[in-house]
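Student: Before I ask anything, let me first share the structure, which is written out below as structure tokens.
What follows draws every value from the coordinates through simple rules; no lab data is involved. Quick caveat: nothing in here was measured; it's all calculated off a predicted structure. Note: ideal-geometry Cβ built from the backbone for every residue, glycine included; neighbour counts use all protein chains shown.
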Amino acid sequence: MRSSFVTLITCAVSVVLLVGCEPASEARTSTGAESTHLRTPSPVEEMDALDQAEIAFVGGYGRPQIQERLDTALRLYGHPITQENYSRAASALVALRKENGTSEMAILDHMIRSHTEGVNINFPEAAALSSVFLASGDQ
């Protein structure tokens, strides 16, 4: 049992570290050098991050519900509310759902309920921990 729990948490942390969120203290700049060719964006790419999350999240939640929970969780864990962080957070939550079978909104609810002032972890770490706790039977 302990071995499967360690494996589960290792997988969850790996998934979230690949996606991550930009902390409030880091500014990201773009020089435009990353884009060397032009292509037509797909309809999904033209949507903002919350519209994409509404499609990707299981459970039939609407944009306002998703935004409210993401805003709360991002703020609690020290991340600014930006389109990039919505996208990264939603991608991490979808990856965790696919890995552990726990819905994105259940993970967000657990993250919000279990937040403790003074404990210094970021959104990706909290999401991974909540996913593992929920997959292990924590409510």
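Student: When averaged across all projection directions, what area in nm² does the alpha-carbon convex hull of segment 51-97 cover? Mind showing how you got there, number by number?
Tutor: Details: hull surface 12.1 nm².
Mean orientational projected area (segment 51-97, Cα hull): 3.0 nm².
Student: Let me ask something else. Please give the peptides 129-138, 47-56, 86-95 ranked by average Cβ packing (other Cβ atoms within 10 Å per residue), highest first, as a rough proxy for protection. Write out the running numbers ahead of the final one.
Tutor: Working: 129-138: 18.7, 47-56: 15.8, 86-95: 22.4.
Top to bottom by mean Cβ count within 10 Å: 86-95, 129-138, 47-56.
Student: So for the pair L38, K98, with labels modelled 7 Å out along Cα→Cβ, what separation do we get in nm?
Tutor: About 3.2 nm separates the two model spin labels.
Student: Explain nothing, just compute: Karplus ³J(HN,Hα) = 6.51 cos²θ - 1.76 cosθ + 1.60, θ = phi - 60°, for every residue of segment 59-72 in order, whole Hz, x for Gly and Pro.
Tutor: x, x, 6, x, 3, x, 5, 5, 4, 4, 6, 4, 4, 4
Student: Further, regarding this structure: Under 17 Å from a label point 7 Å along Cα→Cβ of Q139: give me every residue in segment 93-114 with its amide N that close.
Tutor: 103, 106-107, 109-111, 113-114
Student: Going by the alpha-carbon gyration tensor, a ≥ b ≥ c the square roots of its eigenvalues, is segment 52-139 rounded (a/c under 1.5) or, if a/c is not under 1.5, prolate (a/b greater than b/c) versus oblate? Walk me through the numbers on the way to the answer.
Tutor: Working: a/c = 1.61, a/b = 1.05, b/c = 1.53.
It is oblate, given that a/c is not under 1.5 and a/b is not larger than b/c.
Student: Let me ask you something else. Taking R0 as 22 Å, what's the FRET efficiency between E46 and T82 from their Cβ-Cβ distance, rounded to 0.05? The partial results should precede the final answer.
Tutor: On the way: r = 18 Å, r/R0 = 0.82.
Rounded to the nearest 0.05, the efficiency is 0.75.
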